[in-house]
1. For the chain, with every protein chain kept in place, what is the accessible area per residue (1.4 Å probe, Å²)?
2. Pairs of Cα atoms under 8 Å, at least six residues apart: use those to get the relative contact order of the chain, whole percent.
3. Under a point-charge model restricted to the Cβ atoms of Lys and Arg (+1) and Asp and Glu (-1), what is the dipole moment magnitude of the chain relative to its Cα centre, in debye to the nearest 20?
4. Could you list the square roots of 5 times each eigenvalue of the Cα gyration tensor of the stretch 107-148, that is, the equivalent ellipsoid semi-axes, sorted largest first and rounded to whole Å?
5. Projected onto the charge dipole of the stretch 73-193 (+1 at Lys/Arg Cβ, -1 at Asp/Glu Cβ, origin at the Cα centre), which of 127, 94, 176 gives the Cα projection farthest towards the positive end?
6. Using a 1.4 Å probe on the protein chains only, how many percent of the accessible area of the stretch 47-174 belongs to carbon and sulfur?
7. Over the Cα atoms of the chain, what radius of gyration and what Dmax do you get, in Å?
8. Would you mind computing the Rg to Rh ratio of the stretch 13-94 from its alpha-carbon coordinates, Kirkwood style for Rh?
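The values are calculated or read from the model by the stated rules, or taken from the named source; none is laboratory data. Small disclaimer: the values here were computed from a predicted structure and weren't measured. Every residue, glycine as well, gets a Cβ built from its backbone with ideal geometry; the counts of neighbours run over all protein chains shown. Each accessible area value is taken on the protein alone, full model and side chains, heavy atoms only, with ligands, DNA and RNA left out. Shrake-Rupley method; radii C 1.70, N 1.55, O 1.52, S 1.80 Å.
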Amino acid sequence: QKIARFIMTLNQDKTKAWNAILLLLIILSGAALRFYHFFSLPFMFDELSTAGRHYTSLAELIQKGVKENDVHPIGVYAFIYGWERLFGNAEWVVKLPFVLMGVACIYLGYRLGKLWFSETCGLFVALMISTMQFTITYSTLARPYISGLFFSLLMVIYWSYYFFSREKNSLRHLTGFVICACLCMYNHYFSFL
């Protein structure tokens, strides 16, 4: 029995190692697809409606940019306003956090699939997020779409841990859920729903 347990442990360790390698390859492939010609990606018109607005203060952004001209929540506008103040307004600089969120969504999709079903399901979800044209395209746009997926995935993961975790003190999961729900709300109405 000890030998059988040892062999089973070795097989489980081997499976875990292969799954980790496979996940790494999926994430690297997804990153390569998102960063392909990254420095030559121009702004699209939809992005210019956000990144092309130049306001002198956050209050002016709220009044003139959101209340008078747009119906979207302020989250992405405020983020890009602060990001441009810190790092500049070159196309690749503005797009970088959204591309990174797109890569992170691959791992978050894996975590959620593994949490709800199995590691195989998690790997399949990661593969789909990594290679679908929809997620690749929206990862390269400085708009609230991929950030909405990112915050929604985080919110559902925290929600799942809060309800399914065996920890007695899961206040951190509830806090993470509430923070991510607020981020979804300020990101876009659909990501909040």
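1. Accessible area per residue: 61 Å².
2. 24 percent
3. 840 debye
4. Details: eigenvalues 99, 23, 5 Å².
Computed over the stretch 107-148, the values are 22, 11, 5 Å.
5. Farthest along the dipole direction, towards plus: 176.
6. Of all accessible area on the stretch 47-174, carbon and sulfur atoms account for 65 percent.
7. Answer for the chain, Rg first and Dmax second: 19.9, 73 Å.
8. Values: Rg = 18.6 Å, Rh = 15.4 Å.
Taking Rg over the Kirkwood Rh, I get 1.21.
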